[in-house]
Amino acid sequence: MTRTEPTDGPDDGSEETEPTITLTFMCVRNAGRSQMATAFAEREVAERGLADSVEVVTGGTAPADEIHEVVREALAEVGLDVGGRTPRHVSEATLADSDFVATMGCSTLELPGVDTDDWDLDDPGELPLEEVRPIRDEIERRVVALFDERFGER
């Protein structure tokens, strides 16, 4: 859920709070689609100057040992490096504390009070690079649209 982070307040010594929005991208193995979505979301956070107000989380219910090599290649083509990342588990508590959760075509997740959306996308894990590129591009389009909707167009 939206949390508040203390910020420097006015000179009167009081503190103001700024909400922190948590966006979570998940799939079963956290090795492909959710990693691509996370990389694009982190780029949007940086380019839009939202580092103090948006937290990006990624994970899977049964994480793989590593990110799919073809996903690394596809992201590298657009200047994003996920070489040092490892798939990780996402807990139910993390999902419940999120403001938005996107699943990648592998869930019918419903969380009370959390905006959820299932992005029905093919799993790129066993696909050749030529077939992963359109998936990557669709994920980028959806992430940018999500940020435009929630934070305004750039």
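The values are calculated or read from the model by the stated rules, or taken from the named source; none is laboratory data. The model shown is predicted, which means the values in this text are computed figures rather than measured ones. Heads up, the Cβs are rebuilt from the backbone with ideal geometry, glycines too, and the neighbour counts pull from every protein chain shown. Accessible surface areas use protein heavy atoms only, side chains included; no ligands, DNA or RNA. Shrake-Rupley method; radii C 1.70, N 1.55, O 1.52, S 1.80 Å.
Please report the relative contact order for the range 58-137, taking Cα pairs under 8 Å with a sequence separation of at least 6, and give it as a percent rounded to a whole number.
Relative contact order of the range 58-137: 30 percent.
Determine, from the Cβ-Cβ distance of R150 and E69 and an R0 of 30 Å, the FRET efficiency 1/(1 + (r/R0)^6), rounded to the nearest 0.05. Don't skip to the answer; put the middle values down first.
Working: r = 32 Å, r/R0 = 1.06.
Here the calculated transfer efficiency is 0.40.
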Measuring from its Cα centre, the chain shows a charge dipole (+1 at each Lys and Arg Cβ, -1 at each Asp and Glu Cβ) which, in debye to the nearest 20, is 460
Rounded to a whole %, the carbon-and-sulfur portion of the accessible area of the chain at a 1.4 Å probe is 44
Of all DSSP beta bridges having both residues in the chain, the percent classed as antiparallel (nearest 5) is 25
In terms of the alpha carbon gyration tensor, root eigenvalues a ≥ b ≥ c, rounded if a/c is under 1.5 and otherwise prolate when a/b exceeds b/c or oblate, the range 101-147 is oblate
Sorted by chain and then number, the residues having a modelled amide H within less than 5 Å of the amide H of V54, at least 5 places away or on another chain, are I21
Taking a probe of 1.4 Å and leaving out DNA, RNA and ligands, the chain shows per residue an accessible area in Å² of 52
Using alpha-carbon positions, the gyration tensor of the range 44-154 gives root eigenvalues a ≥ b ≥ c; with a/c under 1.5 called rounded, otherwise prolate if a/b exceeds b/c, else oblate, the class is oblate
